[in-house]
Amino acid sequence: MIVDSEKKNLLFLMASPHPKGTTRQLAVAFLEPLRRSGRWQEHTIFLYDQPPHPCTACGLCREQNGCRWHDLDEFDARLRESDLLLIASPIYNLSFPAPMKALLDRCQRYFEARFARGEKPCIPKGRKAVLLLTRGSGDARGDEICRQQLSQSFSVMHTELTGVCVWGHTDKGPDGYEEAAEKARAMALAIEKDLW
């Protein structure tokens, strides 16, 4: 893995099955100012391209670092070197889609490192995180559910959720995009200012 020491590392998790859909549009709005600055090395993982294997609670991560399933080894390595974690996801049934839920369940390895093996912090390098959500409906309950799920996992991953941006009512068309996109861009600029 080649890392440019002059740049910050951004890990982008795309949790939508639609590479050109509304979730991607909101993510691009967030990424635009960071890409323009030229200060970021970006790596994207499309969770629907290689959906994470579900956690089987086998207990291996209670005893040692790692997981019996190696499909998230790259995610773990990229997470550990990242300065910023961007998660862009639609809301399905008031929560994340299945691949993102599987990834969060697999973060049990970090809980076990912290609580079973006493590693504090279990990931030495800290990072900021941003959550971008899209939902077809006006029901905002899923926004908070997703935020809580991430905060639970991040509590042991040396990761701070610094912002959430939601574009709702996407089933009705592009109304609301500009407002959500402007908020996403502002969040990106604030994070860049803070980290640089």
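Rule-based calculations on the coordinates, nothing more; no lab input. If you're wondering where the values come from, they're calculated on a predicted model, not measured in any experiment. Positions of Cβ are generated from backbone atoms using ideal geometry, with glycine treated the same way; all protein chains shown enter the neighbour counts.
Listed values, structure above:
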quantity	calculated
GluC sites (Glu not before Pro) within the range 1-107: DSSP coil, no more than 15 neighbouring Cβ in 10 Å	Glu6
Neighbour-count order for Met187, Met100, Met14, fewest beta carbons within 10 angstrom listed first	Met187, Met14, Met100
Alpha carbon centroid spacing (whole Å) that separates the range 74-103 from the range 143-176	11 Å
Part-to-part distance (alpha-carbon centres) for the range 24-64 and the range 114-129, which is given in Å	18 Å
Surface/4 estimate of mean projected area, convex hull on alpha-carbon atoms of the range 1-48, nm²	3.6 nm²
Restraint check, Lys8/Lys172; Lys120/Lys183; Lys8/Lys183; Lys172/Lys193; Lys7/Lys172; Lys20/Lys128, Cα-Cα greater than 30 Å	Lys8/Lys172; Lys120/Lys183; Lys172/Lys193; Lys7/Lys172
Counted charge near Pro33, where neighbours are those whose Cβ lies closer than 10 Å (Asp, Glu -1; Lys, Arg +1)	+1
DSSP-assigned coil residues among trypsin sites (Lys or Arg not before Pro) in the range 1-76, each with at most 14 further Cβ atoms within 10 Å	Lys7, Lys20, Arg68
For the range 35-132, fraction of C-alpha pairs farther apart than 19 Å, in %	48 percent
The chain, relative contact order [Cα under 8 Å, separation at least 6], %	26 percent
Cleavage-rule hits, trypsin sites (Lys or Arg not before Pro), the range 101-196, DSSP coil, Cβ neighbours within 10 Å at most 14	Arg117, Lys125
Pairs of Cα atoms farther than 31 Å apart, the chain, %	16 percent
Two-site label geometry, Ala98 and Ser137: point separation in nm, points 7 Å out along Cα→Cβ	2.0 nm
